[in-house]
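A quick write-up on the structure given underneath.
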Amino acid sequence: ESVGVLGECKALAHLDLSMNRIKADGAGRLSHMLRECTALTHLNMGVNKMGSDGMGELAEGLKECHALEYLNLKCNKIQTKGAGKLAEVLGGLPALAHLDLGENKIRNDGVERLAGALSDCTALTHLNLMENGIGDRGAEWLA
């Protein structure tokens with residue numbers, strides 16, 4: 001599959017695609033680009049329409065983003081399944097300091113999937129989980 005113009009930008013450090021209409025298919029195409037942009041430190045995908053399938057697609061590309069410090073996935077309806085896909089790659093993002101997962105309907109089961117992976121994120125200084133339907137059980141996983 002072709003990479004596209006952004007995949008040719010090997011020095012790309014900041015990419016803001018927030019507040020667009022990127023769905024699962026677009027996230028899959030961006031995933032291919034992310035594999036080539038190893039200098040990327042900031043990715044803002046907030047307020048799109050990726051859903052859990054799109055999160056799974058994007059997660060594949062995030063595996064190569066070892067320099068990533070900032071990741072905004074707020075308001076993408078990634079839900080429990082998408083949180084699980086993200087959890088699979090968080091341990092490979094050693095520089096990640098800012099993670100925004102607000103308004104994604106992650107719920108308790110999604111927090112359970114994220115909890116173990118978050119413990120590997122030793123550089124993490126900012127975590128937003130607002131408005132995800134997290135209850136006492138989810139809070140217990142985070143504690």
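The values are calculated or read from the model by the stated rules, or taken from the named source; none is laboratory data. Everything numeric here is computed off the predicted structure, so don't read it as measured data. Note that each Cβ is placed from the backbone with ideal geometry, even for glycine, and that neighbours are counted across all protein chains shown. Surface accessibility is based on the protein's heavy atoms, side chains included, excluding ligands, DNA and RNA. Shrake-Rupley method; radii C 1.70, N 1.55, O 1.52, S 1.80 Å.
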As I understand it, the dipole of the range 1-126 uses +1 on the Cβ of Lys and Arg and -1 on the Cβ of Asp and Glu, about the Cα centre. Which of L68, M45, L34 lies farthest toward its positive end? M45
Leaving out ligands and nucleic acids, note down the accessible area per residue over the chain with a 1.4 angstrom probe, in whole Å². 49 Å²
Partner lysines whose C-alpha sits under 29 Å from that of K81, ignoring same-chain residues fewer than 8 away, are K23, K49, K63, K105
Computed [θ] at 222 nm, deg cm²/dmol, the chain (DSSP H ≥ 4; -39,500 (n - 2.57); rounded to nearest 500): -11500 deg cm²/dmol
Within the range 1-109, list the trypsin sites (Lys or Arg not before Pro) lying in a DSSP loop whose Cβ has at most 14 other Cβ atoms in a 10 Å radius. K10, R21, K63
Mind checking the alpha-carbon convex hull of the range 31-143 and giving the volume per residue in Å³? 76 Å³
In the range 54-143, carbon and sulfur make up what percent of the accessible area (probe 1.4 Å)? 46 percent
Can you tell me the 0 to 90 degree angle between the C-alpha axis of helix 107-118 and the longest principal axis of the chain, rounded to 10? 60 degrees
Which loop GluC sites (Glu not before Pro) in the range 58-143, with loop taken from DSSP, have no more than 14 other Cβ atoms within 10 angstrom of their Cβ? E131
Specify the angular offset, from 0 to 90 degrees and rounded to the nearest 10, of the alpha carbon long axis of helix 51-62 from the longest principal axis of the alpha carbons in the chain. 60 degrees
